[in-house]
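The values are calculated or read from the model by the stated rules, or taken from the named source; none is laboratory data. Computed from a prediction, not measured in an experiment: that's the story for all the values here. In this analysis, Cβ positions are derived from the backbone assuming ideal geometry, glycine residues included, and neighbour counts consider all displayed protein chains. Surface areas here come from the heavy atoms of the whole protein model, side chains and all, with no ligands, DNA or RNA. Shrake-Rupley method; radii C 1.70, N 1.55, O 1.52, S 1.80 Å.
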Amino acid sequence: MIERLFTNAVAAGGEPLHIAVAEGRIVAIGPDLPAADGAEVVDLDGQLVLPGFVDGHIHLDKSFVGDRWHPHQPAGSLRERLAIEKQALAGARPIAERADALIRQAAAFGTVAMRSHVDVDATTGLANLHAVMQARERWRGIVDIELVAFPQAGVMSCPGTAAILEAAVRDGAEVVGGIDPTTLDGDADGQLDVVFGIAERHGVKIDIHLHEPGEQGAAQLRRIAARTRAAGLGGRVAVSHAYSLGDVAPDALDGVAAALADAGVAIMTNAPGSRAFPPVLRLREAGVNVFAGNDNIQDAWWPYGSGDMLQRAMLIGYRSGFYTDAALRFALHMATEAGAAVLGRPGHGLQVGHAATFVALRAPNAAAAVAAAPAGRMVVHNGQPWEGGPAGA
């Protein structure tokens, strides 16, 4: 029995759309559906309907959203940046409060799932992870949050961190992270032994920050792809940033893309403003799953960001030179279904049988929505319009 009927909506291509919902799932969808006896009718008044957004890379423990404004402080090196961050966070509001504020803000824009990297190392321990877990629980049922144990300070270069990563996974982190195995740790094989070893022992996924440039970064990607194939972890490994793919020559890019596609390694980008980044359309054409995330939002690394994944899709399109409707819709795909696949969210998207979770906004079609990123949003979770707070609040 249909419980709720959303009428007078617009599909991604601009066509009329109606959505029928029962028990929180889409039971019928199309340009014209008959009235259903006893069903509540929600008139969307010509709004465009899009799948809920997925933020594939965010740092909930770092952001100052929900705190006072922190002016950006320049740094001359990664270690100096880490010291500045540590000092700034020591004087900020508790992590759980700031994480809660950022989740609330992202949810209001239509984010329904995210992957948050959380700092864990031999000096920080698991305090950040436990604080973000506290915030995650408040939003369960509204925003699904997957946690990455992220060794920001390095693995091999920060003794004791390997054990902390394993402890984080035992405590509930679903993904084990890594970072710049050569340039930060100076021991690529050693770091990857730790990261892949934990993943294989505990059945968790992998997401490695990779900022290494040029051919060095490309070689690292080939190494990660080879390990992924050998471990049978296809579809469970992602590399975040992978700046080197924007540095190398086309033939080298094609070779790395083929290795990534064959191994089932996904690539995340936020289209950073200050440097080259992966040519996402070319990677997708090679068979690589490329997805999007906001990365840092108003923190010690940079002052930008709001948590809006539609705006992030616009920035990816802008920096990639996307002008056609097809290209703009691909940028949207990176912020919706592509990220959902990486997070392991089956049934994400506007199809019969899927959860009736979507975003409605004022735009004539999906391409126009990416190009303009209109602000007003209506968010629906499992067929129920969201009232703006955590589940049960």
Cα-only radius of gyration and Dmax that characterise the chain, units Å:
20.9, 67
Once phi is turned into ³J(HN,Hα) by the Karplus curve 6.51 cos²θ - 1.76 cosθ + 1.60 with θ = phi - 60°, what whole-Hz value does each residue of segment 23-36 show in order, with x for glycine and proline?
6, x, 10, 6, 10, 7, 8, x, x, 7, 10, x, 4, 10
How many nm separate the modelled label positions at R275 and Y318, each set 7 Å beyond the Cα in the direction of the Cβ?
2.1 nm
Per-residue counts of other Cβ atoms within 10 Å, averaged by peptide: what ranking do you get for 47-59, 203-215, highest first?
47-59, 203-215
Considering amide H positions built from the backbone, and no H for Pro or chain starts, which residues 5 or more places from A242, or on another chain, come under 5 Å of its amide H?
L210
How many angstrom lie between the C-alpha centres of segment 307-360 and segment 87-125?
23 Å
Over the chain, the sum of -39500 (n - 2.57) across DSSP H runs of at least four, divided by residue number and rounded to 500 deg cm²/dmol, gives at 222 nm -11000 deg cm²/dmol
To the nearest 0.05, what FRET efficiency results for E215 and W302 with a Förster distance of 22 Å applied to their C-beta separation?
0.25
Take every DSSP beta bridge whose two residues both sit in the chain, then give the antiparallel share in percent to the nearest 5.
35 percent
So if I take the centroid of the Cα atoms in segment 267-292 and the same for segment 1-76, what is the distance between those two points in Å?
25 Å
Where in segment 54-81 does the amide nitrogen come within less than 12 Å of the point 7 Å from the Cα of R223, taken along Cα to Cβ?
none
Under the 0.36 nm per residue contour assumption, what length would be gained going from the current alpha-carbon distance of W69 and H202 to full extension?
43.9 nm
Any idea what Rg and Dmax come out to for segment 167-270 if you just take the C-alpha atoms, in Å?
13.0, 43
In Å and on Cα atoms, what radius of gyration and Dmax does segment 102-186 show?
13.8, 42
Under a 1.4 Å probe, what is the accessible area of the chain per residue, stated in Å²?
38 Å²
For I267, list long-range residues whose amide hydrogen, built 1.01 Å from N in the peptide plane, is under 5 Å from its own amide hydrogen.
V239, N289, V290, F291
Once both label points are put 7 Å beyond Cα along the C-beta direction, the A327-Q351 separation in nm becomes 2.8 nm
